[in-house]
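Participant: My structure is below; once you've seen it, I'll send some questions.
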Amino acid sequence: MLSGRVVEIIGWVFVAFSTLGIAVSVSEGMTGEDVSMIIFFLGAGAVLIFFGRKMKANAAKFKKYINIVGNQHIHLIDNIAGAAGLPADKVKVDLQKMIDKGYFTGAYIDEANRELIMPVQNVVPKQENNTANNVGMIVVTCKSCGANNTIVKGTAGECEYCGAPIV
């Protein structure tokens, strides 16, 4: 979401430059070069604003999918679509994009069953009553995407969905 905000802000800065260019050009006399620069900054700003908003919308949608799949353990595409309030065909395309971008490592879509297949993760069993090395698995919620991750207690890890550091 942050990169979408940054792109949108840069777009608004470009629009501000074009507005400033119009004001300066009107007061000092407008030339052909001025018009070209104003059109460039206005056009570039509009494109950046559009893509920034699209990036933010995708990030929010991907975050919702991560919550549905990772936290609620819903894997059937039709059920994910129902939980997200989106058409199943769109959800399937989005999930494939997320797989391609590495959000769901090792996952794939089973076309026959219309299901997102997630790999089985190895879980280290919790060691009880070991005073020298009390190591156990804990569930940590990623501050970046909201997904639940299992890590060894007392260590840092990386979110399996978005790659953000988790502790």
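The values are calculated or read from the model by the stated rules, or taken from the named source; none is laboratory data. Every value quoted in this text rests on a predicted model; they were computed, and no experiment measured them. Cβ: placed from backbone, ideal geometry, glycine included. Neighbour counts: every protein chain shown. Note: accessible area is taken over every heavy atom of the protein model, side chains too, but ligands, DNA and RNA are not part of it. Shrake-Rupley method; radii C 1.70, N 1.55, O 1.52, S 1.80 Å.
Participant: Look at the stretch 134-150 and say how many of its residues are out of contact with any helix residue (DSSP H, G or I) (no Cβ under 6 Å at 6 or more places or on another chain), open to solvent by 40 Å² or more (accessible area, probe 1.4 Å) and under 23 Å from A59 (Cβ atoms).
Facilitator: Here is the first cut: in the stretch 134-150, the ones out of contact with any helix residue (DSSP H, G or I) (no Cβ under 6 Å at 6 or more places or on another chain) are 134-144, 149-150.
Among the residues that remain, those that are also open to solvent by 40 Å² or more (accessible area, probe 1.4 Å) are: 134, 137-139, 141, 143-144, 150.
Right, trim to under 23 Å from A59 (Cβ atoms) and you get 141, 143-144.
The qualifying residues number 3.
Participant: Determine which member of the set F14, F62 is under 23 Å from N148 (Cβ atoms) and either crowded, with 18+ Cβ neighbours inside 10 Å or of a type in the set (S, T, N, Q) (or both).
Facilitator: Numbers: F14 fails: under 23 Å from N148 (Cβ atoms).
Answer to the selection: F62.
Participant: Among the residues of the stretch 1-56, what is the count of those that are outside any helix (DSSP H, G or I) and either in contact (Cβ under 8 Å) with a residue 24 or more places away in the chain or touching a Cys at 6+ places or on another chain (Cβ under 6 Å) (or both)? Give the steps one after another, and end with the answer.
Facilitator: Of the residues in the stretch 1-56, the ones outside any helix (DSSP H, G or I) are 1, 29-31.
Still in the list and also either in contact (Cβ under 8 Å) with a residue 24 or more places away in the chain or touching a Cys at 6+ places or on another chain (Cβ under 6 Å) (or both): 1.
Residues meeting the conditions: 1.
Participant: Being open to solvent by 60 Å² or more (accessible area, probe 1.4 Å), at pLDDT below 85, out of contact with any Cys (no Cβ under 6 Å at 6 or more places or on another chain) and not small (G, A, S) is true for just one of K153, K97, K90, K101. Which residue is that?
Facilitator: Numbers: K97 fails: at pLDDT below 85; K90 fails: at pLDDT below 85; K101 fails: at pLDDT below 85.
Within the list K153, K97, K90, K101, the selection yields K153.
Participant: Another question about this same structure. Answer yes or no as to whether I109 is touching a Lys or Arg at 6+ places or on another chain (Cβ under 7 Å) and not in a helix (DSSP H, G or I). Before the answer, list the steps.
Facilitator: Numbers: touching a Lys or Arg at 6+ places or on another chain (Cβ under 7 Å): yes; not in a helix (DSSP H, G or I): yes.
Yes: the conditions hold for I109.
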